[in-house]
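Encoded as structure tokens, the structure appears first; notes follow it.
The values are calculated or read from the model by the stated rules, or taken from the named source; none is laboratory data. Fair warning: this is a prediction, and the values are worked out from it, not measured in the lab. Cβ sites come from the backbone with ideal geometry, for glycine too, and all protein chains shown count toward neighbours.
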Amino acid sequence: MVAFMDREAVDKTRETGLAHFHSRSRGRLWIKGESSGHVLRVRQILVDCDQDALLVKALPEGPACHTGARSCFYRALEGDELQRIG
């Protein structure tokens, strides 16, 4: 999945070991899985060379995507069509 993290989200993620994000639509901090129970247990946080992006490696407890898919990236663009993968 792709999501936004601000300082508060990073701090809370590091403190709890569970992925927290800043929701622009909700205007607040949220923990992945707060309504579904499908949390992400963080194993490692990687920082890119410009220090402006994070890659969070996590073990999902249930589907990571709100659609019920294991990953939010479950379709590939093939020509003009989206094809479900995996």
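A few comments on the model shown:
- Top-ranked residue in region 25-62 [being among the acidic types (Asp, Glu) and under 17 Å from residue 8 (Cα atoms); ranked as surrounded by the fewest Cβ atoms within 10 Å (Cβ to Cβ)]: 52
- Subset of region 50-68 (residues that are within 18 Å of residue 4 (Cα to Cα), out of contact with any Lys or Arg (no Cβ under 8 Å at 6 or more places or on another chain) and in a loop (DSSP other than H, G, I, E, B)): 50, 51, 52, 53, 65, 66
- If you go through region 5-28 and keep only what is at pLDDT below 95 and part of a loop (DSSP other than H, G, I, E, B), you end up with 24, 25, 26, 27.
- Whenever a residue of region 61-86 is among the acidic types (Asp, Glu), its partners that are surrounded by 11 or more Cβ atoms within 10 Å (Cβ to Cβ), lying with C-beta atoms within less than 6 angstrom and at least six residues away or across chains, give the pairs 61/38; 61/39.
- Looking across region 41-86, just one residue is of a type in the set (Val, Ile, Thr) and out of contact with any strand residue (DSSP E or B) (no Cβ under 7 Å at 6 or more places or on another chain), and that is 67.
- If the condition is being part of a loop (DSSP other than H, G, I, E, B) and either farther than 19 Å from residue 20 by Cα or at pLDDT 95 or above (or both), then region 69-86 contributes 69, 73, 74, 79, 80, 85, 86.
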